[in-house]
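Asks: Once you've had a glance at the structure underneath, I'll fire off some questions.
No value in this document is a laboratory result; all are computed from the given coordinates. Predicted model, so just to flag it, every value in this text is computed and none were measured. Here the Cβ is made from the backbone with ideal geometry for all residues, glycine too, and neighbour counts use every protein chain on show.
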Amino acid sequence: MTINLPPTFRFGASTASYQIEGAVAEGNRGPSIWDTFCAEDGRIIDGSSGAVACDHYHRYAEDVALLKGLGVDGYRFSIAWSRIQPEGTGRANSEGLAFYDRLLDELLAAGIEPMATLYHWDLPQALEDEGGWLNRDTAERFAEYAALCGMRFGDRVTQWIPVNEPNVASLMGYALGMHAPGKTLMFDALPASHHLLLGHGLAAKALRATGAKSIGTANNHAPMWPASEEPGDVSAAGMFDDIWNNLFADPILLGEYPTGFAELMPGSSDDLADDLAVISGPLDFYGVNYYNPYLVAAPSADAEMPFAYREVEGYPMTDFNWPVVPAGLTEQLVHLRDRYPDLPPVVITESGCAYNTGPDAAGVVDDQPRIDYLASHLRAVGEAIAAGVDVRGYYTWSLIDNFEWSEGFTQRFGLVHVDYATQKRTPKKSYDWYAATITSTRAHGG
């Protein structure tokens, strides 16, 4: 089937610092919450960590060459806060700055525009020791870090994303304990959500002050489908929609929290109004990370949460047991357009799938399901554009296989296979398909 995208559509690939860099004890990098989390027994499914990961710190030039081979317009990566400020405060670390200087210069020499994420979950441990994102001061420190990055890298970074997926960072890290820092505060984690959003707003303001011209987001969005038309299921799906989607998009795009949530946030009503004015500062693009919809049902009487998950049936599944629902991406994009009248241009800042196919006897990685996934999701973007949504680009997750957080090295999302024992990179068939699709789209549209 044809992928209908305009010739000006931008293609990219994404990664994150802790998932690929390794070298956690080099270049005066300070420890992050993920170093601490990985060292705790039972946190990571295979007992691994990002201590070496993909050794990108030493192999960045090889990885940039892979990006150049793809022909992507842009590369989304993240800057490790603890490489820039090992304690999360104070003067910038010269060795950390120098690493990202080298990476940025390599990208620009290859004709690739950098999209830099400032926070992709690897908070300096020293700040977590002071309360982490539960502490309002962390948002202030984040703005100082953003200013350092803007002053040093602003001449080369094309687009900025302050915070990646504040919903995942707060809910998985502070509410449910599945990610670092591993706290299980449930609804008492809401201050972390607010401070992550405030950090976004303060960092955007700090970046603007350094001359940054293009600032956006990377919010994780998912359609919430009720398990049935029963009122309990519909209500539960609406509640989870507020918690997962609206709690993090409404403050940025509307300057307000969903009904019932403002009074749960820290500070007085006047303080909250001031914070929301910062959080809702103007954006140049809105980043959407999409993987799959959720099927939501009413909870049992003794459940801790006001909703329950059900399996989405009738769709192919990835090796991560996530349903492949490209129509959900179209649905989500149209919904955003309808809910937010002033929605900025949209960029798909993450979208990808885990299939764990390795090289065959001839060294070929035949990952046809990933090709099918990418083709169907690019078609879904084309359908959203045809419906009037201003979508400008698609960054696939991810360039290379990497450390997949609490799943360790058990799930592979990359266009490029990584042998973690030898660090050998092997482009998969999906790599070749993506490169060909980029070339074809540029030539005459998809």
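Asks: With respect to LEU295, determine if the residue is buried (at least 18 other Cβ atoms within 10 Å of the Cβ), assigned to a strand (DSSP E or B) and either touching a residue at least 24 places away in the same chain (Cβ under 8 Å) or in contact with a Leu (Cβ under 8 Å, 6 or more places away or on another chain) (or both). Can you show your working first?
Replies: Details: buried (at least 18 other Cβ atoms within 10 Å of the Cβ): yes; assigned to a strand (DSSP E or B): yes; either touching a residue at least 24 places away in the same chain (Cβ under 8 Å) or in contact with a Leu (Cβ under 8 Å, 6 or more places away or on another chain) (or both): yes.
Yes, satisfied.
Asks: Continuing with this model, one more query. Might you check whether a residue that is under 30 Å from PRO114 (Cβ atoms), of a type in the set (A, V, I, L, M), surrounded by 18 or more Cβ atoms within 10 Å (Cβ to Cβ) and in contact with a Pro (Cβ under 9 Å, 6 or more places away or on another chain) occurs anywhere in the stretch 221-235?
Replies: Yes.
Asks: Might you check whether a residue that is under 18 Å from THR15 (Cα atoms), touching a residue at least 40 places away in the same chain (Cβ under 8 Å), aliphatic (A, V, I, L, M) and assigned to a helix (DSSP H, G or I) occurs anywhere in the stretch 370-380?
Replies: yes
Asks: Considering only helices (runs of 4 or more DSSP H) fully contained in the stretch 147-245, which possess at least 1 residues that are within 18 Å of PRO344 (Cβ to Cβ) and among the basic types (Lys, Arg)?
Replies: Fully inside the stretch 147-245 and qualifying: 190-209.
Asks: With (1) over 28 Å from PRO226 (Cα atoms); (2) aliphatic (A, V, I, L, M); (3) touching a strand residue (DSSP E or B) at 6+ places or on another chain (Cβ under 8 Å); (4) free of Cβ contacts under 8 Å to residues at least 60 places away in the same chain as the list, and MET317 as the residue in question, which single condition is left unmet?
Replies: Condition (1) is where MET317 drops out.
Asks: Sort through GLU106, GLU113, GLU95 and tell me the only one that's in contact with a strand residue (DSSP E or B) (Cβ under 6 Å, 6 or more places away or on another chain) and over 26 Å from TYR174 (Cβ atoms).
Replies: Of the residues listed, the single one that is in contact with a strand residue (DSSP E or B) (Cβ under 6 Å, 6 or more places away or on another chain) and over 26 Å from TYR174 (Cβ atoms) is GLU113.
Asks: How many residues does the stretch 332-343 contain that are surrounded by fewer than 19 Cβ atoms within 10 Å (Cβ to Cβ) and either in contact with a Phe, Trp or Tyr (Cβ under 9 Å, 6 or more places away or on another chain) or part of a helix (DSSP H, G or I) (or both)?
Replies: 7
Asks: Does the stretch 195-217 include one or more residues that are closer than 24 Å to THR396 by Cα and of a type in the set (D, E, K, R)?
Replies: Scanning the stretch 195-217, I find at least one residue that is closer than 24 Å to THR396 by Cα and of a type in the set (D, E, K, R), so the answer is yes.
Asks: Determine if the stretch 204-217 includes at least one residue that is in contact with a Leu (Cβ under 9 Å, 6 or more places away or on another chain) and under 30 Å from ARG43 (Cα atoms).
Replies: Yes: the stretch 204-217 contains one or more residues that are in contact with a Leu (Cβ under 9 Å, 6 or more places away or on another chain) and under 30 Å from ARG43 (Cα atoms).
Asks: Looking only at residues in the stretch 365-392 that are buried (at least 20 other Cβ atoms within 10 Å of the Cβ) and more than 20 Å from ALA327 (Cβ to Cβ), which one is nearest to the chain's Cα centre (by Cα)?
Replies: Of everything passing the filter in the stretch 365-392, ASP367 is nearest to the chain's Cα centre (by Cα).
Asks: Select from the stretch 9-25 the residues that are part of a loop (DSSP other than H, G, I, E, B) and either touching a residue at least 60 places away in the same chain (Cβ under 8 Å) or surrounded by 21 or more Cβ atoms within 10 Å (Cβ to Cβ) (or both) and list them in ascending order.
Replies: Matches in the stretch 9-25: PHE9, THR15, ALA16, GLU21, GLY22, VAL24.
Asks: Continuing with the same structure: Search the stretch 253-281 for residues that are touching a residue at least 24 places away in the same chain (Cβ under 8 Å) and surrounded by 17 or more Cβ atoms within 10 Å (Cβ to Cβ) and pair each with any residue that is among the aromatic types (Phe, Trp, Tyr) and not in a loop (DSSP other than H, G, I, E, B) when their beta-carbon atoms are under 9 Å apart and the residues are at least 6 apart or on different chains.
Replies: LEU253/TYR286
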